[in-house]
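J.: So that we are looking at the same thing, I have put the structure below in structure tokens.
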Amino acid sequence: MDAEFTIYTKSGCPYCVRAKDLLRSTRRSAQVKEIDCDPFLTSAVQKEEFLATMATYCGRSYRTFPMIFHQGQFVGGYSELLQYLERQHQMDDAFAEWDEAREESESELKQEQQELQELQEQPQQEPECSLNA
């Protein structure tokens, strides 16, 4: 299972909807946890307190929605999520290529070991000696 994604959202945010849809379509096995932030945005004071708290979680001031985390690490918003998933996809491709090369190498090694074993099991022939030199 893919690790958990947490998305802090607010109502009426098209990028929040896009982020959730993107994760559901590309990371089907991911657990996506959505946190509705509307209750924290009802007054200017609450909004600033909320954003200050989120800055602590994000490691920097971040004032737009969605706010996306993967395994507790801040990813960013929708645009950053696209880049993040693309990097992960490239890493997945690199690991797949490495796995394929490793499997091919292991297959070649087994073949060579089998050929060597067959050679060792063949009866030894006496070298021919020729007196005609």
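The values are calculated or read from the model by the stated rules, or taken from the named source; none is laboratory data. Just so it is clear, the model here is predicted, and its values are computed rather than measured. Cβ: placed from backbone, ideal geometry, glycine included. Neighbour counts: every protein chain shown.
J.: Considering the stretch 8-34 alone, what residues qualify as being loosely packed, with under 13 Cβ neighbours inside 10 Å and outside any helix (DSSP H, G or I)?
T.: Applying the first criterion (loosely packed, with under 13 Cβ neighbours inside 10 Å) to the stretch 8-34 yields 11-12, 14, 21, 24-25, 28-29, 31, 33.
Within the stretch 8-34, Ser11, Gly12, Arg28, Ser29, Gln31, Lys33 qualify.
J.: Only residues that are basic (Lys, Arg), touching a Leu at 6+ places or on another chain (Cβ under 9 Å) and within 15 Å of Glu80 (Cβ to Cβ): list them for the stretch 28-68, please.
T.: At the first step, the residues of the stretch 28-68 found to be basic (Lys, Arg) are 28, 33, 47, 60, 63.
The next check asks that each one be touching a Leu at 6+ places or on another chain (Cβ under 9 Å); those that pass are 47, 63.
Arg63 - this is the single residue of the stretch 28-68 that is basic (Lys, Arg), touching a Leu at 6+ places or on another chain (Cβ under 9 Å) and within 15 Å of Glu80 (Cβ to Cβ).
J.: Taking the stretch 33-62 on its own, how many of its residues are of a type in the set (Val, Ile, Thr) and closer than 20 Å to Pro14 by Cβ? So that I can check it myself, show each step before the final result.
T.: From the stretch 33-62, those of a type in the set (Val, Ile, Thr) are 35, 42, 45, 53, 56; that's our starting set.
Right, trim to closer than 20 Å to Pro14 by Cβ and you get 35.
Here the count works out to 1.
J.: When you go through (1) of a type outside the set (Ser, Thr, Tyr); (2) touching a Ser or Thr at 6+ places or on another chain (Cβ under 7 Å); (3) more than 14 Å from Tyr8 (Cα to Cα) one by one for Phe65, which number turns out not to apply?
T.: (3)
J.: Say whether the condition of being under 23 Å from the mean Cα position of the chain (by Cα) and surrounded by 11 or more Cβ atoms within 10 Å (Cβ to Cβ) is met by at least one residue in the stretch 38-54. First the steps, then the outcome.
T.: Kept after step one, since they are under 23 Å from the mean Cα position of the chain (by Cα), are these residues of the stretch 38-54: none.
No - not one qualifying residue is present in the stretch 38-54.
J.: Filtering the stretch 55-65 down to residues that are surrounded by fewer than 16 Cβ atoms within 10 Å (Cβ to Cβ), part of a helix (DSSP H, G or I) and not β-branched (Val, Ile, Thr), which residue is modelled with the lowest pLDDT?
T.: Initially, the stretch 55-65 is screened for residues surrounded by fewer than 16 Cβ atoms within 10 Å (Cβ to Cβ), giving 55-57, 59-61, 63-64.
Next, only the ones that are part of a helix (DSSP H, G or I) stay: 55-57.
In the following step, the residues that additionally are not β-branched (Val, Ile, Thr) were identified as 55, 57.
Values: Ala55: 95, Tyr57: 92.
Ranking the qualifying residues of the stretch 55-65, first place goes to Tyr57.
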